[in-house]
C-alpha cells in the first residue's frame, strides 16, 4: 500500500517560491497562469499486509507530527492499494 | 481551473532526502513504513475561461519545459475545475 502526502503552505502564508515560478512563467511567455503555489509531495510505501484503518491512522500521525510544520503548513493525503 | 502537478525523481535516481525522512521515521518509532520518496507539488491556478484542451496542453508544456528536470525527474498532473 502506498500513501501520497501533499504538504502546502497555508493560504495566508506568503509563498515566495511559488511567486517566483509564476513570475518566471510570465516572463517566458507561457499563457493563462494566474497563480502558482509550491508544496511538497511525499510517497510513503507501507509494509505489506498493513490493515487500511491502521495505515490511515499512522500516515495521518506521520504527516501531522513529522512532515508538516503546523504553524505554516497544511496537508492532505490519500492511500492507494 | 486549477492544475495539480507532481514532480518526482525517477525510480533509478537516489532520493537522499526521502531516505533521510524514512530513517528519521524509523528512529522515531513510527511503524509500517517501508520506503519514502520525496517530490515537489505545484498548484497552478489558470485564468478563468481557459478551455480544457488548451489548459491541458499548456500545463503539460509548462511541467515538461520548466517544472521538471527531464534527466532525473518525471511528472504527472491533473486538472480540476
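We did not get these values from a lab; they are worked out from the coordinates using the rules stated. From a predicted model like this one, the values you see are computed outputs, not experimental measurements. Quick reminder, even Gly has a Cβ in these numbers, built from the backbone with ideal geometry, and neighbours come from all protein chains shown.
Show me the ranking of peptides A:46-55, A:19-28, B:13-22 by mean Cβ neighbours inside 10 Å, starting with the highest. If you can, show how the numbers build up before the last one.
Working: A:46-55: 12.3, A:19-28: 14.0, B:13-22: 15.6.
Highest-to-lowest ranking by the protection proxy: B:13-22, A:19-28, A:46-55.
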Rounded tilt (10° steps) of B:16-27 against the dominant C-alpha axis of chain B
50 degrees
Dividing the helical contributions, -39500 (n - 2.57) per DSSP H run of n ≥ 4, by the residues of chain A yields a 222 nm value, nearest 500 deg cm²/dmol, of -8500 deg cm²/dmol
Along the axis that rotates chain B into chain A, which residue of chain B has the nearest beta-carbon, and what is the gap in whole Å?
B:41, 2
Fraction of the pair-distance distribution of chain A above 17 Å, Cα-Cα pairs, percent:
55 percent
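Would you calculate the convex hull of the Cα atoms in the protein assembly as shown and tell me its volume per residue in Å³? Provide the component values of the computation, followed by the final result.
Details: hull volume 20.2 nm³, N = 162.
It comes to 125 Å³ per residue, whole-number rounded.
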For residue A:24, which inter-copy label distances result when the label point lies 7 Å beyond Cα on the Cα-to-Cβ vector, reported in nm to one decimal and in ascending order?
2.4
Put the label 7 Å from Cα along Cα→Cβ for residue A:74; what are its distances to the other copies, in nanometres, shortest first?
2.9
Need one number: convex hull volume per residue for segment A:22-61, Cα atoms only, in Å³.
127 Å³
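Just want to confirm a number: the relative contact order over segment B:2-80, from Cα pairs under 8 angstrom separated by 6+ residues, in percent.
On the way: 92 pairs, mean separation 42.2, N = 79.
About 53 percent, as a whole number.
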I need the inter-copy label distances for residue B:53: point set 7 Å along Cα to C-beta, values in nm with one decimal, smallest first.
4.9
